[in-house]
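The values are calculated or read from the model by the stated rules, or taken from the named source; none is laboratory data. As the structure is a computational prediction, the values presented were derived from the model and not from experiment. So basically every Cβ, Gly included, is an ideal-geometry build from the backbone, and we count neighbours across all protein chains shown. These accessible areas exclude ligands, DNA and RNA; they are computed on the full protein's heavy atoms, side chains included. Shrake-Rupley method; radii C 1.70, N 1.55, O 1.52, S 1.80 Å.
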Amino acid sequence: MSIVYINGEFVDSDKAVVSVFDHGYLYGDGIFEGIRAYNGTVFKLKEHLKRLYSMAKALLLDIPITMEEMEKKVCETVRKNNLKDAYIRLVVSRGKGDLGLDPYKCDKPTIVIIADKIALYPEETYEKGLKIITSTCRRNSIQSLDPQIKSLNYLNNILAKIEAVKAGYSEALLLNLEGYVVECTGDNIFIVSNGTLYTPPSAAGALGGITRATVIDIAKELNIPFEEKNISLFNVYTADECFLTGTAAEAIPVTEVDHRIIGSGKAGEITKKIISEFRKITSVYGTKVYE
Ligand code: PMP
């Protein structure tokens, strides 16, 4: 059993319950963050919280505690669970309301923080890479629900995931309505072509991933040329290297896309360098939990 933070209290996980009238449950009216702690440091917690509060602002959702208080609560949740390495899920929903849509009938937002052991891809996947397919499901348009908002409505991503799993793959690539590559169901995508690193811009619908930003900083430090630009499936199929980035997966190679072998069919040299640099800094940048 673990200890969960819920609306100001720490309770046993089996007592951590949310009302069926919560608009997060009824309408997906809420947002979340997936965060990770490495050796007692919550990686880039401030950046995750900035993203959370920005998403809340876009949805006119007033989080009733400050960012500083939230930072303390996240650390306290990790401490209460005696974890050093953890996956942390922070959820803020509109709260308990009535059956109507009106968010102003909800009394106060529900805040939940869960800290759990992290489930990882096996280490060999970081050498062999993932095989992925393109989903027939298009990424939500920025003209409707902007993919910058990690809302509690993840059906777009779930439908793509279902397609991948049913076809025997672990991940699916989503295109935007214009047909450009955006991201996978829970990860950003990068390719390397002729020594330059590329990733789709947020204007294409790619989430401003915390890992994505970290990888861009690493590329700058390693003097790897980098560009944000629209990427087509042709660009992916013919790339020298491809990898995904996300809090849970870190940076993970992709070696096959829609049955096309990418580059050498193994983790590429630039990808390996980035993975290794990334792993050096995970317990450096962040908020210390046990000090
Ligand atoms: N895209 C989507 C759709 C995601 O859910 C995630 C995971 N938060 C990412 C990209 C990667 O973002 P991050 O590096 O911040 O985990």
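A few points about this structure:
For every residue, the table says whether it meets (1) touching a residue at least 12 places away in the same chain (Cβ under 8 Å); (2) over 21 Å from Val42 (Cβ atoms).
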| site | (1), (2) |
| --- | --- |
| Thr214 | yes, no |
| Asn223 | no, yes |
| Phe243 | yes, yes |
| Gly268 | yes, yes |
| Ser276 | no, yes |
| Lys280 | no, no |
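- Qualifying residue in region 255-267 (condition: in contact with a Pro (Cβ under 8 Å, 6 or more places away or on another chain) and under 27 Å from Ala86 (Cβ atoms)): yes
- Filter result (surrounded by 16 or more Cβ atoms within 10 Å (Cβ to Cβ) and either more than 20 Å from the chain's Cα centre (by Cα) or at negative phi (or both)) within region 249-265: Ala249, Ala251, Ile252, Pro253, Val254, Thr255, Glu256, Val257, Ile262, Gly263
- Test: Phe32 is closer than 24 Å to Ile281 by Cβ, within 12 Å of the ligand (Cβ to nearest atom) and in contact with a Lys or Arg (Cβ under 6 Å, 6 or more places away or on another chain): no
- Close Cβ contacts (under 7 Å, 6 or more residues apart or on different chains) running from residues in region 149-164 that are touching a residue at least 60 places away in the same chain (Cβ under 8 Å) to residues that are of a type outside the set (D, E, K, R) and part of a helix (DSSP H, G or I) comprise Ile149/Met55; Ile149/Ala58; Lys150/Met55; Leu152/Gly24.
- Number of the condition not met by Lys50 [criteria: (1) closer than 22 Å to Lys117 by Cα; (2) of a type outside the set (S, T, N, Q); (3) within 14 Å of the ligand (Cβ to nearest atom); (4) surrounded by fewer than 19 Cβ atoms within 10 Å (Cβ to Cβ)]: (1)
- Residue list for region 122-152, restricted to those being away from the ligand (no atom under 13 Å from the Cβ), under 23 Å from Leu175 (Cβ atoms) and of a type in the set (S, T, N, Q): Thr134, Thr136, Ser141, Gln143, Ser144
- Selection of region 199-235 for residues being closer than 26 Å to Arg260 by Cα and more than 16 Å from the ligand (Cβ to nearest atom) yields Ile224, Pro225, Phe226, Glu227, Lys229, Asn230, Ser232, Leu233, Phe234, Asn235.
- Criterion: touching a residue at least 24 places away in the same chain (Cβ under 8 Å) and basic (Lys, Arg) - qualifying residue of Lys15, Lys80, Lys50: Lys80
- Tally, over region 180-198, of residues that are farther than 19 Å from Gly263 by Cα and either away from the ligand (no atom under 11 Å from the Cβ) or modelled with pLDDT under 95 (or both): 1
- Going through (1) within 23 Å of Phe243 (Cβ to Cβ); (2) within 15 Å of the ligand (Cβ to nearest atom); (3) of a type outside the set (Lys, Arg) one by one, Leu159 falls short only on (1).
- Cβ-Cβ under 7 Å pairs, at least 6 apart or on other chains, region 119-135 side over 23 Å from Leu83 (Cβ atoms), far side open to solvent by 100 Å² or more (accessible area, probe 1.4 Å): Glu127/Lys266; Lys128/Lys266; Gly129/Lys266
- Candidate set from region 90-124 (those that are among the aliphatic types (A, V, I, L, M) and over 23 Å from the mean Cα position of the chain (by Cα)); member that is farthest from Tyr154 (Cα to Cα): Leu99
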